[in-house]
Each structure stands twice: as C-alpha cells, then as structure tokens.
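Structure first, then comments.
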Amino acid sequence: MAALCLIRELTEAREIVRTARAIVAFSGAGLSAESGISTFRDAGGQGIWDRYDPQKLASAQGFRSDPALVLDWYRERRMRIAAAVPNAGHVALSPASRVVNITQNVDNLLERAGAQEVTHLHGSITRDRCSSRCGFSEEVDLANPLGLRACPRCGQHLRPDVVWFGETLDPMDWEDAEKSCRECDVLVVIGTSGTVFPAAELVGVALARRVPTIVVNSERTGAGRSADIEIVGKASVVLPQLLSGGR
Ligand code: BJW
Ligand code: ZN
C-alpha cells in the first residue's frame, strides 16, 4: 500500500515538474546525508545537535568564549566535506538550468555536481571572514584547514563565513530567495526539518502564492504535511526520478 502511494505521489509530482518552466529547489542537510555529511536533527538521534551544543559551536558568543573549540569542529567538518562526493540527488539538481538552487547547506557539493548558481542562505564553509566584519574574507582549503588566525586587515579573529544562531541572513540572498519562491512554477523542498527560521518560511511564501509545493524527505515533517505532495524517500533515490524527463 505504501509503495503504491509513493508511485502515485511520484507520478503526480513528475507531471508538475515536467511542465514547469521555473523550478526552485530548497534543500537542507538531508540532501548531503548520503554523501556522508551529518544532518543536524534526525529521528534516529544521530543528528549533530544530538551530540553537540549549538550554542557552543554555532553562535558568535560560543566563538568568543572558545574559538579553538569551534574551529576544531569546523576543521573536522571541512575535511569531511573535502573527502565527500556529490550524490545522485546533487547531480539531479545540477545541470538543469530551469532549477534555481536555494540551500541551507554550507557545503559545496551542489557546485561540485555542476550547479551554476547556488544561494547559500546559511553561508559557506569554504570561506573564512573577519569576525569583526571589516570586510576581509578568503577561500579556505577544505582538505587542509588552518587553525585560529588573525585577520590580516584588522587583527581580529577570522571565522567560518557561515550564519550562526542569532545572526541575520544576507538580506540580498533572502530577498532573492523569497522572490524566487513567490514566482516559480513549483517549489521542491528537500531534506530539511523545516525548523530553522527564517529559512523555513520559504515554504509558506510559496504556499501563500499557491505555488505547487513538493516535499522530499526521508521522514514526515511539518512542511510535508502542509505541502501539496509529500514524498517520503531518500533524496538520492527520489530526485533523479522526479527531475528526469524535462519539458
Ligand atoms: C533526509 C535524508 C535523505 C536525512 N534524503 N531527507 C522564529 C521562531 C523561532 C525561532 C526563531 C525564529 N526566527 C529566528 C529564530 C531563531 C533561530 C531559529 O530558527 N531557531 C530554531 C531552531 C528554533 N534562527 C536564527 O537564529 C537565524 N537568524 C535569524 O533569525 O536572524 C534574525 C535574528 C537576529 C538576531 C536575533 C533574533 C533574530 C539564523 C539561523 C542559522 C542556522 N545555522 C545553522 C548552522 C550553520 C553553520 C554550519 O553549518 O556550520 O544552519 S543551524 C543548522 O540548521 C544549519 C542548517 O542549515 C539549519 C537547518 O537544518 P536542516 O537543513 O533543516 O537540517 P536538519 O538536520 O534539521 O534536517 C534534515 C532533514 O533531512 C531531516 O528531516 C531528515 O529526516 C532528512 N533526511 N537523510 C532526504 N537521505
Ligand atoms: Zn578584519
């Protein structure tokens, strides 16, 4: 019975996607899970925040109290991302020019799968920036991340160019993301618990404009319940089936 439902949902979703001119893919950690990158929250208790305290590792206050601890954690994650390979989900989202990628992920797996333009709402682990926002930023070598360093411009600590709790998203990225979700023909939401704001509001933005919304997640989520179609399955399995075929 469950398999039959899945086939029906997938068939319906494929038809919406096939006829869409503009597709927005809004992804989260579940997209990269099958490339060996841990998610933050998972039903199995295996998420990053089941093991680590987000206030210590993903807040400006945590960085001020113990920058070396935070950078050790980023060092481990950067090296893991360097060694990871994009999965079939990233590949399915990448070559199609009609897919606009908006991701909460800080990794570069979509780009490495060939995606041209990706909006990273929560920043990018591939760069460091000045913690006092003097304007300095630089690319980092993910395979050989450096430890705590001073900003060459102002002497304050450099930190990963990501968005921590309590920090605002880049206003231009946010405006573009909202506009894309308002104006697209279909929103595909992939591998996100939909618990972190304001990113999670994008689903509501699309629904308010009656944009057909499809959720692909390995477990049921709140966003899935409000979406037009909820497909419970792994991104690497569902996305190639959903996005193949074209117009
Ligand atoms: C699979 C799968 C497979 C697994 N296939 N699926 C309104 C209400 C309540 C709170 C707030 C609010 N507005 C703001 C807040 C505070 C806060 C917030 O949202 N808190 C909530 C957690 C309660 N938000 C903020 O602080 C944001 N800033 C802000 O609002 O600024 C304004 C402001 C300023 C000052 C004061 C007050 C307001 C910033 C949020 C930044 C989030 N940062 C992180 C860390 C980034 C850095 C890093 O990675 O190094 O971003 S936290 C973490 O969560 C990360 C993610 O991008 C983000 C979202 O997680 P995501 O992607 O959804 O992953 P998971 O793990 O949660 O879910 C994965 C899903 O995939 C699961 O469902 C799995 O089942 C599924 N899955 N395998 C398909 N193979
Ligand atoms: Zn500086």
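Annotations
- Charge dipole (Cα centre; +1 on Lys/Arg Cβ, -1 on Asp/Glu Cβ; no other charges) of region 1-110 amounts to roughly 280 debye.
- Each semi-axis of the equivalent ellipsoid for region 98-142 is √(5λ) with λ an eigenvalue of the Cα gyration tensor; in descending order they amount to 22, 12, 8 Å.
- For the chain, the fraction of 1.4 Å probe accessible surface lying on carbon and sulfur atoms is 50 percent.
- Gain on full stretching of the segment that runs from D66 to M172 - 0.36 nm per residue minus C-alpha separation: 35.1 nm
- Convex hull volume of region 126-247 per residue (C-alpha atoms, cubic angstrom): 156
- Looking at the chain alone, DSSP beta bridges between its own residues are antiparallel in about 30 percent of cases.
- In the complete set of protein chains, residue-level accessible area for R153 is approximately 150 Å², probe 1.4 angstrom.
- Solvent exposure ordering (accessible area, 1.4 Å, most first) of I229, I16, I7: I7, I16, I229
- Å² per residue, accessible surface of region 1-55 at 1.4 Å: 55
- Region 63-87 residues near the modelled F165 label - backbone nitrogen below 13 Å, point 7 Å along Cα→Cβ: 63
- In region 124-172, the GluC sites (Glu not before Pro) that fall in loop regions by DSSP, at most 12 other Cβ within 10 Å: E167
- Accessible heavy-atom area order of F63, F40, highest first, probe of 1.4 Å: F40, F63
- Prolate/oblate/rounded label for region 63-184 (Cα gyration tensor, a/c 1.5): oblate
- Taken over the alpha carbons of region 1-131 as equal point scatterers, the Debye sum produces base-10 log I(q)/I(0) values at 0.09 Å⁻¹ of -0.34.
- Against the compact-protein benchmark of 2.2 N^0.38 Å, the Cα-based radius of gyration of the chain scales to 1.02.
The values are calculated or read from the model by the stated rules, or taken from the named source; none is laboratory data. What you are looking at is a predicted structure, and each value in this text was computed from that prediction instead of being measured. We place every Cβ from the backbone using ideal geometry, glycine too, and count neighbours over all the protein chains shown. Quick note on the areas: whole protein, heavy atoms, side chains included, nothing else; ligands and nucleic acids left out. Shrake-Rupley method; radii C 1.70, N 1.55, O 1.52, S 1.80 Å.
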